[in-house]
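The values are calculated or read from the model by the stated rules, or taken from the named source; none is laboratory data. Fair warning: this is a prediction, and the values are worked out from it, not measured in the lab. All Cβ positions, glycine included, derive from the backbone under ideal geometry; neighbour counts span all protein chains shown.
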Amino acid sequence: MKYNDLLNSHLKYGTTSDDIIKRKGYEKILENVVIAPWWSHDIFDGLNFEVDQVNDKVFNFYSDDLSFSYIELKRIGAPGIMDFILSLGVTKCKNVIFLGSAGSLDESIKIGEIVIPKYSICGDGASRYLNINLEDEFLKKEYPSKIFTNDLIDILKESNIKYHYVPNYSIDTVFAQFYHIDKILDLGAKTIEMETACLFKCCNLMNINATALFCISDNNILNKSLYSGRTDEENDYRHKIRYELIPKIVIDLFKKSN
């Protein structure tokens with residue numbers, strides 16, 4: 001499937017590209033885009049940007065040498081994010097960085113640490129809608145943009161920021177994942193989250209550069225799940241990384257890529 005196939009199917013039933021833009025409130029989307037399932041745009045507070053609230057989900061950030069859009073979805077999972085990603089194909093968007101939390105499946109990847117996914121294994125059902133005949137997408141690998149991801153890694157190296165560059169698995173469920181952890185480990189995954197396999201597939205269809213940056217929120221292998229086991233110190237540390245370090249990394253990435 002190609003992205004134009006999706007657009008032509010909309011047109012077949014009376015919807016134009018302009019209609020899609022208006023539906024999502026994407027009239028002012030900029031070339032650089034941050035998309036976050038849950039993190040608030042306030043992680044960029046105090047960094048000398050003027051902020052224009054475009055709608056309830058889109059915030060545009062402007063400074064003298066950089067501008068970007070921040071899409072704050074307040075929803076999780078591939079189905080929840082898919083329509084918003086695909087709609088970017090009819091805007092000025094060229095670069096997307098996904099920001100979000102991920103769970104660790106490795107003792108060496110600690111809560112609060114930064115992870116860049118090498119690829120994401122599809123564990124969602126939404127991605128098959130991007131195949132011509134709804135062919136199964138399950139357990140296929142989806143890759144971020146190579147150059148854009150290498151730029152991100154270079155920034156981390158140059159700044160001496162500890163990070164992990166590992167395979168990721170994208171799930172559809174938090175509650176039911178635990179039964180399948182051993183299988184997911186057998187697939188080689190070192191982290192687990194809910195959106196990036198779908199996001200990478202969408203952006204590859206649209207020829208939009210895409211990468212992702214995770215902050216580890218939990219570690220099932222160490223019995224520190226979203227449900228139990230995490231300490232206040234670990235939670236404080238991951239919030240510190242989210243608010244104090246990650247916004248600067250994003251800014252550096254967009255400046256490097258422009």
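Mind checking which residues of the range 142-165 are surrounded by 15 or more Cβ atoms within 10 Å (Cβ to Cβ), hydroxyl-bearing (Ser, Thr, Tyr) and within 21 Å of ASN95 (Cα to Cα)? The answer is TYR143, SER145, THR149. ASP64 meets all of the listed conditions (1) assigned to a loop (DSSP other than H, G, I, E, B); (2) modelled with pLDDT of 95 or more but one, namely (2).
Summed over the range 22-54, the residues that are among the acidic types (Asp, Glu), outside any helix (DSSP H, G or I) and loosely packed, with under 14 Cβ neighbours inside 10 Å give a count of 4. Checking every residue in the range 174-181 against the condition of being buried (at least 24 other Cβ atoms within 10 Å of the Cβ), of a type outside the set (Phe, Trp, Tyr) and in contact with a helix residue (DSSP H, G or I) (Cβ under 7 Å, 6 or more places away or on another chain) gives zero matches.
The lone criterion from (1) under 15 Å from the mean Cα position of the chain (by Cα); (2) surrounded by fewer than 17 Cβ atoms within 10 Å (Cβ to Cβ); (3) touching a residue at least 40 places away in the same chain (Cβ under 8 Å); (4) farther than 27 Å from HIS180 by Cα left unmet by ASP65 is number (1). Scanning the range 192-241 for residues that are of a type in the set (Lys, Arg) and either out of contact with any Cys (no Cβ under 6 Å at 6 or more places or on another chain) or at positive phi (or both) yields LYS201, LYS224, ARG230, LYS240.
Every residue, every condition in (1) touching an Asp or Glu at 6+ places or on another chain (Cβ under 9 Å); (2) surrounded by 14 or more Cβ atoms within 10 Å (Cβ to Cβ); (3) in contact (Cβ under 8 Å) with a residue 60 or more places away in the chain, yes or no:
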| position | (1), (2), (3) |
| --- | --- |
| ASP5 | no, no, yes |
| ILE20 | no, yes, yes |
| ILE71 | no, yes, no |
| LEU88 | no, yes, yes |
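For every residue, the table says whether it meets (1) closer than 27 Å to PRO247 by Cα; (2) of a type outside the set (S, T, N, Q); (3) more than 19 Å from the chain's Cα centre (by Cα).
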site	(1), (2), (3)
ALA102	yes, yes, no
LEU105	yes, yes, no
ILE121	yes, yes, no
ASN133	no, no, yes
ASP136	no, yes, yes
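Pairs are defined by a Cβ separation below 6 Å, a sequence spacing of at least 6 or placement on different chains, a first member in the range 158-173 that is touching a residue at least 12 places away in the same chain (Cβ under 8 Å), and a second member that is of a type in the set (Phe, Trp, Tyr); the pairs so defined are PRO167/TYR119. Suppose the filter is in contact with a His (Cβ under 6 Å, 6 or more places away or on another chain), modelled with pLDDT of 95 or more, within 22 Å of ARG238 (Cβ to Cβ) and not in a loop (DSSP other than H, G, I, E, B); does VAL166 pass it? Considered against the rule, which asks whether it is in contact with a His (Cβ under 6 Å, 6 or more places away or on another chain), modelled with pLDDT of 95 or more, within 22 Å of ARG238 (Cβ to Cβ) and not in a loop (DSSP other than H, G, I, E, B), VAL166 comes out as no.
Output the residue which, of all residues in the range 203-231 that are at pLDDT below 95 and in a helix (DSSP H, G or I), is surrounded by the most Cβ atoms within 10 Å (Cβ to Cβ). Ranking the candidates gives ASN220 first. Being in a helix (DSSP H, G or I) and hydroxyl-bearing (Ser, Thr, Tyr) is the requirement here; does SER69 meet it? Against the criterion (in a helix (DSSP H, G or I) and hydroxyl-bearing (Ser, Thr, Tyr)), SER69 does not qualify. The set of residues from the range 105-141 being assigned to a strand (DSSP E or B), in contact with a Lys or Arg (Cβ under 6 Å, 6 or more places away or on another chain) and surrounded by fewer than 21 Cβ atoms within 10 Å (Cβ to Cβ) comprises just one member, TYR119.
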